[in-house]
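Working notes, beginning with the structure itself.
The values are calculated or read from the model by the stated rules, or taken from the named source; none is laboratory data. Predicted, not measured: the structure shown is a model, and the values here were computed from it. Glycine also receives a Cβ, built like all others from the backbone with ideal geometry; neighbour counts cover every protein chain displayed. Surface areas here come from the heavy atoms of the whole protein model, side chains and all, with no ligands, DNA or RNA. Shrake-Rupley method; radii C 1.70, N 1.55, O 1.52, S 1.80 Å.
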Amino acid sequence: MSEPSESEQEPLSNREAQEKWAIDVNVDPYQIPLDELNPAHPSLFEHNKFEAYFERLRAEDPLHLTRESAFGPYWSATTFRDIMYIDTHHDIFSSDIDNGGIRMGGRPAEKPAADSPFYLPMFIMQDPPKHDDQRKVVTPSFTPKRIQELKGLIEQRAGAILDDLPRNEEFNWVRKVSVELTGQMLATIFDVPQEDRHKLIHWSDTVENLGNPDFFETAEEGFQELWKCFEYFDGVWKERASRTEPGDDLISSLVHGEATRNMTPNEFLGNMLLLIVGGNDTTRNSISGGVLALNQNPAQYDKLVNDPSLIPKMVPEIIRWQSPVAHMCRTAMQDVELHGKQIKAGDKVVMWYISGNRDSTEIARADEFLIDRENPRRHLSFGYGIHRCLGNRLGEMQLTVLWQEILKRFPKIEVVGDPVYLRSNFIHGIRELPVRIPG
Ligand code: HEM
C-alpha cells in the first residue's frame, strides 16, 4: 500500500476528481473482478447500488483491499464481527487526526500547521487520553435525565411541525420535517435562537458537501465557508463565558470544561462541527429513512398503525436499516494479521457499518425490515467501543417522539415518488423524499 493517495499528489478540483473516477453504476458487481471492487465510490450511494457490492464482499472477501480509488488504497471490513473487533481495538486502529482521522481520503503529504484553516481536530478524531477527557466534558448533556427533560419540548416542536404540514399535496418530507426537527433540536442543545437553526443546518450540509462539485469547486472553498461557523460560535462562547451562572447547554459545558476551556480556534471549530454534524445528518436521515422503509414494507406499516406500542422497538430497527453513518475509518498503528491478510502499519481501514448491519450471521433475517424484531438494538449504526455515539439516546428519543406524534395525527404518510440520495459514502442520506398525507 505504498502508492500515494490523491491528496498526496497534485490536488484535483471536485469536478475533475468526479470525472476521473466516474463509473457505470449499472454494472453488476458480480461481473467485476473481485480485486477491482471499490465499494466506496460515492456514485454507488447516490444511485442506491451499494448493497450488492457488500453482499458479495461479505460472502467472498470480507476483509477486502481496494488498491486504487479516489481516496487512495483502503481495506474494507464488511462483517459485524470484524467491525466490532476494529472498533474495540483503538490501541491498534487509531482515529487520531494526525494519523489519518476517521474519513477516507488519506492524509496530506505534510501535516498541516496547527492553525491551517483545513486542520480541524475534534474529539472523534482523537485517541485516549485526549478523546476521553474531552468526551467527558460534554457527556452530562446526554444523560438519560437530561434527555428526559428535553422530551416535552420535542413533543411540542414535533407536534407543531406536523400540524403545519399540507394535506392531499405532494411535498418533500426531508426539508419540511426531518431537517426542521433536527435543526430545532440542535439550536436547543446549544441554547442559541431557534431562527439560527438554518445556519447550523447550512454548516452541517457544508461539511457533507466539501467534495461535491455541485456545492464547491474545491474543498478549500468549502473550508472557507466553515470558518463562518467559527465566527458565530466564537460570539456565543464569549457570551457564555461572561455569564455569572454557568448554563447547562453544550457550549457552556465546553467553556467551563477543564479539557476544553483552552481549545485553539481550530479545535473549537472542529468540536462544534462534530456536534453539529453528529446531531444533524444522522437523526435527519433516520427520520426520512423510516418513512421510506415503512412505505417499502407495507405489512410493517400496517403492523405499526395497529399497534403503536411497537414504536420503541421500531426506532432502533429504523436506525439499523438506514445506517445513516455508512462507515468510519481507522489507521492501523502496527502490522496486524486478520483472516490471513496482512494489514500494514499506516494502512487505512474502513469499517462499513452499513454492511455489518446486513450481516445475517450475526443478525437474524438481517436483510428484512422488521419493526418487532427481538433485540433490535443489536446493530452497528452507533459504532462500538470508546467512540460509540454519545447522542444515541437523544437520536432515539427524537425518533420515538416524532412517530408517536405522527400516529396521533395521520393514518399514513405515502411516499409518492423516488427518493433522491446524497452523493456520499460517509453519510447514507436522503435529500428528497416526495410524500403526500391523505386528508
Ligand atoms: C440516529 C442518530 C445517530 C447515529 C446513527 C449516530 C452515529 C454515530 C456514529 C457511527 C459515531 C461514531 C462511532 C464510532 O466511531 O465507533 C457517532 C459518534 C458521535 N455522535 Fe452520533 N449518531 C447519531 C446521533 C447523534 C446525536 C443526536 C448527537 C448529538 C449531538 C451525536 C453526537 C455524536 C458525537 C459527539 C460522537 C463522537 C463520540 C466520540 O468520539 O466519543 N450523535 N455517532
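Here are some residues: 279, 290. Which one is open to solvent by less than 10 Å² (accessible area, probe 1.4 Å), in contact (Cβ under 8 Å) with a residue 24 or more places away in the chain and within 12 Å of the ligand (Cβ to nearest atom)?
Details: 279 fails: open to solvent by less than 10 Å² (accessible area, probe 1.4 Å).
Result: 290 is the single residue among 279, 290 that is open to solvent by less than 10 Å² (accessible area, probe 1.4 Å), in contact (Cβ under 8 Å) with a residue 24 or more places away in the chain and within 12 Å of the ligand (Cβ to nearest atom).
Suppose the filter is touching a residue at least 24 places away in the same chain (Cβ under 8 Å) and within 16 Å of the ligand (Cβ to nearest atom); does residue 358 pass it?
Details: touching a residue at least 24 places away in the same chain (Cβ under 8 Å): yes; within 16 Å of the ligand (Cβ to nearest atom): yes.
Yes, satisfied.
State whether one or more residues within the stretch 401-423 are within 13 Å of the ligand (Cβ to nearest atom) and surrounded by fewer than 21 Cβ atoms within 10 Å (Cβ to Cβ).
No, the stretch 401-423 contains no residue that is within 13 Å of the ligand (Cβ to nearest atom) and surrounded by fewer than 21 Cβ atoms within 10 Å (Cβ to Cβ).
Six or more apart or on different chains, Cβ atoms under 6 Å: show the pairs whose first residue is in the stretch 316-343 and farther than 12 Å from residue 75 by Cα and whose second is more than 9 Å from the ligand (Cβ to nearest atom) and part of a helix (DSSP H, G or I).
318/290; 321/293; 322/289; 323/354; 326/354
Of all residues in the stretch 47-88 being open to solvent by 50 Å² or more (accessible area, probe 1.4 Å) and without any contact (Cβ under 8 Å) to a residue 60 or more places away in the chain, which is farthest from residue 324 (Cα to Cα)?
Residue satisfying both the conditions and the ranking: 60.
Please verify whether the stretch 240-252 includes one or more residues that are touching an Asp or Glu at 6+ places or on another chain (Cβ under 9 Å), open to solvent by 10 Å² or more (accessible area, probe 1.4 Å) and within 16 Å of the ligand (Cβ to nearest atom).
yes
It is to be established whether one or more residues within the stretch 35-46 are loosely packed, with under 15 Cβ neighbours inside 10 Å and either outside any loop (DSSP other than H, G, I, E, B) or not hydrophobic (A, V, I, L, M, F, W, C) (or both).
Narrowing the stretch 35-46 to residues loosely packed, with under 15 Cβ neighbours inside 10 Å: 35-36.
Add one more test, that the residue is either outside any loop (DSSP other than H, G, I, E, B) or not hydrophobic (A, V, I, L, M, F, W, C) (or both), and what stays is 35-36.
Checked the stretch 35-46: at least one residue is loosely packed, with under 15 Cβ neighbours inside 10 Å and either outside any loop (DSSP other than H, G, I, E, B) or not hydrophobic (A, V, I, L, M, F, W, C) (or both).
Can you tell me how many residues within the stretch 413-437 are over 21 Å from residue 319 (Cβ atoms), at pLDDT 95 or above and in a loop (DSSP other than H, G, I, E, B)?
Of the residues in that region, 4 qualify.
So residue 263 clears everything in (1) assigned to a loop (DSSP other than H, G, I, E, B); (2) in contact (Cβ under 8 Å) with a residue 40 or more places away in the chain except one condition, right? Which one?
Going through the list (1) assigned to a loop (DSSP other than H, G, I, E, B); (2) in contact (Cβ under 8 Å) with a residue 40 or more places away in the chain, residue 263 breaks only (2).
Can you name the residue in the stretch 86-143 that is among the polar types (S, T, N, Q) and near the ligand (Cβ under 10 Å from one of its atoms) and, of all such residues, is nearest to residue 260 (Cα to Cα)?
Going residue by residue through the stretch 86-143, those that are among the polar types (S, T, N, Q) are 88, 94-95, 99, 116, 126, 134, 139, 141, 143.
Then keep just the ones that are near the ligand (Cβ under 10 Å from one of its atoms); that gives 88, 95, 126, 134, 139, 141.
Details: 88: 25, 95: 19, 126: 13, 134: 6, 139: 13, 141: 15 Å.
Looking at residues that are among the polar types (S, T, N, Q) and near the ligand (Cβ under 10 Å from one of its atoms), I get 134.
What residue, of 214, 234, 249, 205, is under 18 Å from residue 324 (Cβ atoms) and acidic (Asp, Glu)? Give the steps one after another, and end with the answer.
On the way: 214 fails: under 18 Å from residue 324 (Cβ atoms); 234 fails: under 18 Å from residue 324 (Cβ atoms); 249 fails: under 18 Å from residue 324 (Cβ atoms).
One residue alone meets the criteria, 205.
Could you grab me the full set of residues in the stretch 367-387 that are near the ligand (Cβ under 6 Å from one of its atoms) and open to solvent by 70 Å² or more (accessible area, probe 1.4 Å)?
Once the filter is applied, which keeps residues that are near the ligand (Cβ under 6 Å from one of its atoms) and open to solvent by 70 Å² or more (accessible area, probe 1.4 Å), the stretch 367-387 yields only 384.
Of everything in the stretch 23-34, what is open to solvent by 60 Å² or more (accessible area, probe 1.4 Å) and not in a loop (DSSP other than H, G, I, E, B)? Give them in sequence order.
Scanning the stretch 23-34 gives 30, 31.
Does residue 164 count as at pLDDT 95 or above, over 20 Å from the mean Cα position of the chain (by Cα) and within 15 Å of the ligand (Cβ to nearest atom)?
Here the answer is no, as residue 164 does not meet what is asked.
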